[in-house]
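Nothing in this text is a laboratory measurement; each read-out follows from the coordinates by a stated rule. All of these numbers come straight from a predicted model, not from anything done at the bench. Counting neighbours? That spans all protein chains shown, and the Cβs are built from the backbone with ideal geometry, glycine included.
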Amino acid sequence: MKTLLAHTKEINEQLARYGVKFGIYKDGTFNERLFPFDPVPRQIPEKDYEVLEKGLIQRVTALNKFIYDIYHDKKIVRDGVVPEEFVYRSPGYLAQCEGITPSKDVYSHISGIDLVEGKNNEWYILEDNLRIPSGASYPLIARTLCRRCSPETFKRYRVRDNRNYGALLKRTMDYVNTGGINVIFTPGRYNAAYFEHSYLAEQAGAVLAESNDLFVENQTLYYRTSRDPVKVGAVYRRVSDEYMDPLCFEPSSLIGIPNLMDAYRAGNVAVMNAPGNGVADDKGIYYFVPKMVKYYLGEDAILKNAPTYLPYYEEDRKYTLDNIHRLVIKDVAEAGGYGVVFGENLTQEQREDLKNTILNAPRRFIAQEVIDFKDLPILDNGETVERKADLRAFVLSGENVQVWPSGLTRFSRNPDSFVVNSSQGGGFKDTWIVCQ
Amino acid sequence: MDSLSVSKLNRLYWLGRYYERLSTTLSYLWDWYDVMIDGEIDYPDFCQKLSIDCCYKDDKDFMHNYVFDKNNPDSLRTVADAMLGNGMVLREIIGSRTLAYLELAVMGMKSAEESDSPTLPLQRVIDFIMAFRGSYDDMIDDENVRNIIKCAAGVERLSLYLRLGWHLDSVKSEIGKLMKRMNRTSLQPSHTSLQVLLSAKNPETPEERKKLLDAAENLFVM
């Protein structure tokens with residue numbers, strides 16, 4: 001491990017060489033930044049991983065069933081397990097998806113599940129990302145470079161290989177493909193995750209396409225070439241639901257494909273992840289996921305949620321208002337680390353304002369206990385320091401539901417912060433599943 | 001998949017033109033760093049030949065800003081960024097290993113700008129471009145893709161030679177190489193330009209140069 005850590009600078013130089021960057025818009029200007037890599041890996045013993053793996057498969061299986069149910073029979077709403085306000089008032093719920101059954105019934109093909117490990121060694125789910133979760137490419141390329149930099153480390157530690165992500169993605173695309181080529185559909189070069197889009201296209205042997213490369217005719221999606229158009233069978237779209245098809249969603253979108261939803265509705269193309277998945281990864285719906293597991297699978301959830309309160313319910317609202325000084329309040333409409341407020345950091349006046357906002361719009365917020373999660377060591381100018389870190393696990397749903405034996409560990413570089421998002425200045429680590 | 005999208009074909013073409021523009025122009029300017037030790041360089045003439053804005057105060061300002069100013073649309077740094085920008089959107093076609101040489105070339109431009117002796121680090125930029133040429137020629141299986149990049153580079157080289165009046169004795173041979181490569185691509189050339197180039201010899205007069213330059217620039221409509 002010493003040689004690996006000694007090569008921190010060289011590994012980061014290698015990442016720069018391969019263009020491992022993410023984009024960020026600030027004050028209307030696009031800038032690309034290198035994503036700082038810390039070579040001290042997060043290590044998860046294989047026996048702990050086995051529990052995580054079962055829990056993640058269980059959770060994603062239930063979430064897929066939930067999305068199917070919401071856009072078809074709505075049994076879970078009728079049975080009173082999930083209140084209808086949380087479904088139909090969610091910005092992620094799309095009426096346009098009602099009644100559509102995607103290829104092979106899979107909705108969330110690539111799920112990014114965010115977890116933290118508590119100091120009690122227990123894992124807690126922080127959120128589910130079922131729309132366009134990004135991040136797999138970073139530990140994927142970092143592993144290759146770390147192995148190159150320090151082969152002796154990987155001889156000594158028995159680490160599960162994670163370099164098959166491209167093959168897993170291809171297999172998932174092939175499974176739902178309706179006949180035609182596989183395409184990764186990107187908003188373009190100035191998207192924050194463009195590196196990932198292009199790298200995954202290379203790794204999965206898919207075609208990387210922008211909106212002007214694709215068109216729909218006779219309810220069929222085609223890739224526009226200099227010769228004859230080529231039919232697309234599966235499109236892994238990295239464009240948000242609302243911008244995906246200007247004739248169905250946001251009409252001003254210039255990055256979408258007109259009539260894509262028609263082709264999808266007709267069953268002529270698999271759209272990955274399925275539009276409308278946002279109904280299941282809404283921060284308000286998160287509270288109900290353990291109940292979904294019980295409802296659809298008849299099992300207790302293996303993985304716990306962070307203790308969460310819904311101000312929508314009177315009892316929870318009272319608890320939230322009484323304990324706001326020690327809770328974290330999240331705006332359900334925000335993402336990327338935005339809209340997260342720690343009660344302890346607010347002045348008395350700010351707390352009162354927040355309480356009033358919650359009282360006026362209780363559906364808009366959730367409150368969570370601040371989990372005392374484990375710090376992880378990182379190298380900071382040659383010194384080892386402890387920082388907050390989370391884990392994004394990737395679950396791929398094709399013929400089987402499968403967890404990628406790795407994941408993106410993101411850490412905060414600020415010693416006083418719990419916010420680990422890259423857009424907020426965080427870095428990343430590789431995640432090792434270590435065999436005994 | 002055998003066919004390229006129109007936008008990818010366009011990107012491949014401009015990738016070829018920009019990398020050749022960067023490396024050939026850097027090679028041309030190489031001697032000027034030496035000339036400046038003993039005398040002056042005729043940068044206004046250079047700007048006129050390339051049809052670019054002559055907005056420089058003196059020799060030194062030209063050699064710095066024409067090469068490094070990322071806000072100058074005519075600078076070589078802008079050319080390098082455009083080269084990388086086209087390469088980045090072709091990762092799944094040219095491969096990460098090949099693309100890395102373009103990243104390295106742009107990083108080389110940045111570090112040369114910070115150096116008080118830029119000629120030495122600029123040598124590395126040319127080295128990385130040579131490595132890129134070798135890498136794409138060796139690593140890309142698709143003959144059409146390889147030859148689109150080569151054709152575009154050939155057009156750019158011809159264009160620079162004719163504009164600058166440099167290596168004019170190589171023009172006929174460069175046209176010959178371009179024609180052979182073009183026949184291995186899906187590019188559709190302009191019939192008129194093709195006729196001019198096929199009957200060309202090394203140019204001796206400004207009029208002949210201009211005629212060949214127009215034919216080279218209009219050979220493919222991108």
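Quick notes
- Max mean-square fluctuation residue, GNM over chain B, Cα-Cα springs under 10 Å, options B:ARG157, B:ARG184, B:ARG146: B:ARG184
- Cβ-defined net charge surrounding A:ASP300, 15 Å radius [Lys, Arg +1; Asp, Glu -1]: +3
- Ignoring aspartates and glutamates fewer than eight residues from B:LYS60 along the same chain, the ones with Cα atoms less than 18 angstrom from its Cα are B:ASP31, B:ASP34, B:ASP38, B:GLU40, B:ASP42, B:ASP45, B:ASP69, B:ASP74, B:GLU113, B:GLU114, B:ASP116.
- Cross-link reach is defined here as a Cα-Cα straight distance under 25 Å, omitting same-chain residues fewer than 8 places apart; for A:LYS9 the lysines meeting it are A:LYS21, A:LYS155, A:LYS388, A:LYS429, B:LYS110.
- Relative contact order of the range B:143-222, defined on C-alpha pairs under 8 angstrom at six or more residues apart (%): 38
- The residues packed around A:ASP262, meaning those with a beta-carbon under 13 Å from its beta-carbon, carry a net charge of -1 if Lys and Arg are +1 and Asp and Glu are -1.
- Less than 5 angstrom separates the built amide H of A:TRP123 from those of A:GLY118, all sequence-distant by 5 or more or on a different chain.
- Mean per-residue shielding of peptide B:4-13 is 4, counting Cβ atoms of other chains within 10 Å of each Cβ.
- Amide H to amide H distances under 5 Å link A:GLN43 with A:TRP432, where only residues 5 or more positions off or on other chains count and H is placed in the peptide plane.
- Dimensionless Rg ratio for the range A:88-183, taking C-alpha atoms and the 2.2 N^0.38 Å reference: 1.47
- Inverse mean reciprocal Cα-Cα distance (Kirkwood Rh) of the range A:292-337, Å: 12.9
- Over chain B, the pair-distance histogram of Cα-Cα distances with 5 Å bins from zero comes to 1, 7, 14, 18, 18, 17, 13, 8, 3, 1, 0, 0 percent, rounded to whole numbers.
- When Rg and Dmax are taken over the Cα atoms of the range A:7-112, they come to 20.9, 58 Å.
- Qualifying lysines (Cα of each under 20 Å from Cα of B:LYS172; at least 8 residues distant if same chain): B:LYS150, B:LYS180, B:LYS201, B:LYS210, B:LYS211
- Spherically averaged projected area of the convex hull of Cα atoms, the range A:355-436: 9.3 nm².
- For the range B:93-172, the ratio of Cα radius of gyration to the globular rule of thumb 2.2 N^0.38 Å stands at 1.28.
- Normalised by 2.2 N^0.38 Å, with N the number of residues, the alpha-carbon radius of gyration of the range B:157-208 equals 1.15.
- Under the Debye formula (equal points on every Cα, no solvent term), log10 I(q)/I(0) of chain A at q = 0.10, 0.11 Å⁻¹: -0.72, -0.88
- Sorted ascending by nearby beta carbons within 10 Å, beginning with the fewest, B:ASP31, A:ASP245 become B:ASP31, A:ASP245.
- Database note for the protein assembly as shown: Cys without another Cys beta carbon under 4.7 angstrom, A:CYS97, A:CYS146, A:CYS149, A:CYS248, A:CYS435, B:CYS55, B:CYS151.
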